[in-house]
Amino acid sequence: MKSVASETWVIIPAYNEEKYLGRVLAKLQKYTAKIIVVDDGSTDKTTVVATECATHVLTHRLNLGKGAALKTGCEFAFSVLGAKAVILIDADDQHDPAELPAFIAALATGQTLVLGVRTFGSEVPWLKRVGNTLASVLVKFLFGTYIPDIPSGYKAFTKSVYEQLRWQTTDYAVELEMSIKTAELKLPFTVVPIKTIYHDFDKGMTMLDTLALLKQILAYRMHL
Amino acid sequence: MTIFQILAGIFAVSMMYVVSIHGKKKTLSQTEVISWLTLWVFFIVIALFPNLLLGIVHVLHFSRVFDLLVVLALMILTVLVFGSYFSHREIKNRIESLIRQLAIEERKSKRKQP
């Protein structure tokens, strides 16, 4: 019987990431050869870059959003490749592939859901720190479980967890929906501390995104 | 006849023209064309002879015919917006599902190639 570690695939959703995807894939190859890139309708050379390094490249003919790309990647990994677990990582080089073994080790010990949680230092704007914490507190208040660093896209889960998490969101709010389902279903999880990497090309959340996030949390609470 | 009635009449006739064009292009079914034309004919009649609605206005305790028309218009708009919202969601879900399925099938067929 194959171990979880040997049947774990890394999924990278990518949209117009030709500039950074190559760097991410080169770093990732040091730790795994099981890489799936989902090109979410990019108009640049993302697919070309991905084809050079990734094991599987799936291409959306239209841009659907991060949530849809992750869903495609997960369905391919679990249904076609027979994966036992997947690790999600962003394509914009804001996650360190050197932390991948920590996720795999956690899965190997029987954990079914592993969340990458950033340790926020002074390099992170205080507004983002406050927004991030506020979202976690609100989820705890409304859904009963404290989920740290909700916007973090670096996470791993098994097939059984995916079947429970199955999200409807197609865009960036997918992380929120996953967190809320984790809280609502009281799914057991463990956290892996990850580095906070911000680039000057940071596509991270703005204050408006945070407000939209808070609105979305309330919408989920009301099952809208 | 007031300016408002003339403008309302011109607007309704223009809309009937748009409906007939869509009917000819088959983007609207015959039933839809008839329903929309009936609605616009009703609109013209009411615009020209608002007193026809006075009985209903009194029964429903509206102070003016105009108020009743505004409420009716809002009700129709709400139904249309509601309908198009769900139709939009359904189409979005179908497109998403199709695109994701295509991506997976394409990759599967590439894997089978020697």
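None of the figures in this text is laboratory data; all of them are computed from the coordinates on show. This is a predicted model, so every value here is computed, not measured. Here the Cβ is made from the backbone with ideal geometry for all residues, glycine too, and neighbour counts use every protein chain on show.
Observations on the structure shown:
- Listed by Cβ neighbour count within 10 Å, with the fewest neighbours leading, A:His60, B:His22, B:His61 appear as B:His61, B:His22, A:His60.
- Listed residues A:Ala69, A:Ala85, A:Ala105, most fluctuating in chain A (Gaussian network, C-alpha, under 10 Å): A:Ala105
- Nonlocal amide H pairs with A:Tyr154, under 5 Å, H built at 1.01 Å: A:Gly116
- Dimensions (Å) - chain B, Cα atoms, principal axes, largest first: 79, 32, 24
- Span-like helix ranges in chain B, DSSP H, alpha carbon extent 20 angstrom or more, Kyte mean at least 1.6: B:30-48
- For the range A:184-191, 3J(HN,Hα) computed residue by residue from phi via the Karplus equation (6.51, -1.76, 1.60; θ = phi - 60°) reads 5, 8, 6, 6, x, 8, 10, 10 Hz, glycine and proline entered as x.
- Inter-chain neighbour count for A:53-61: the average number of beta-carbon atoms from partner chains within 10 Å of each residue's beta-carbon is 4.
- Value of Rg to Rh for the protein assembly as shown (Rh from inverse mean 1/r over Cα pairs, i.e. Kirkwood): 1.15
- Look at B:Met1, A:Met178 and count the other Cβ atoms within 10 Å of each Cβ; fewest to most, that gives B:Met1, A:Met178.
- Across the range A:36-107, Cα pairs under 8 Å and at least six residues apart give a relative contact order of 27 percent.
- Of A:Tyr146, A:Tyr31, A:Tyr162, the residue with the greatest mean-square motion in the GNM of chain A, using alpha carbon springs below 10 Å, is A:Tyr31.
- Separation of the range B:43-91 and the range A:27-64, taken as the distance between their Cα centroids, equals 53 angstrom.
- Sites excluded, trypsin sites (Lys or Arg not before Pro) in DSSP loops with at most 10 other C-beta within 10 Å, longest stretch of chain A: A:31-185
- Helix-only CD estimate at 222 nm, as mean residue ellipticity for the protein assembly as shown, using -39500 (n - 2.57) per DSSP H run (n ≥ 4): -18000 deg cm²/dmol
- Across B:Ala73, B:Ala12, B:Ala103, mean-square fluctuation computed from a Gaussian network of chain B (C-alpha pairs under 10 Å connected) peaks at B:Ala103.
- Cβ crowding within 10 Å, taken as a proxy for footprinting-reagent exposure, orders A:Cys53, A:Cys74 from fewest neighbours to most as A:Cys53, A:Cys74.
- Amide proton proximity set for A:Lys195, modelled H, under 5 Å, gap of 5+: A:Asp96
- Using alpha carbons only, the radius of gyration of the range A:128-193 set against its Kirkwood radius gives Rg/Rh = 0.93.
- Size of the range A:1-121 as Cα extents on the principal axes (Å, biggest first): 41, 39, 24
- Here is the P(r) of the range A:75-224: all C-alpha pair distances, binned every 10 Å from 0, give 10, 41, 38, 11, 0 in whole percents.
- With contacts taken as Cα pairs under 8 Å at a separation of at least 6 residues, chain A carries a relative contact order of 23 percent.
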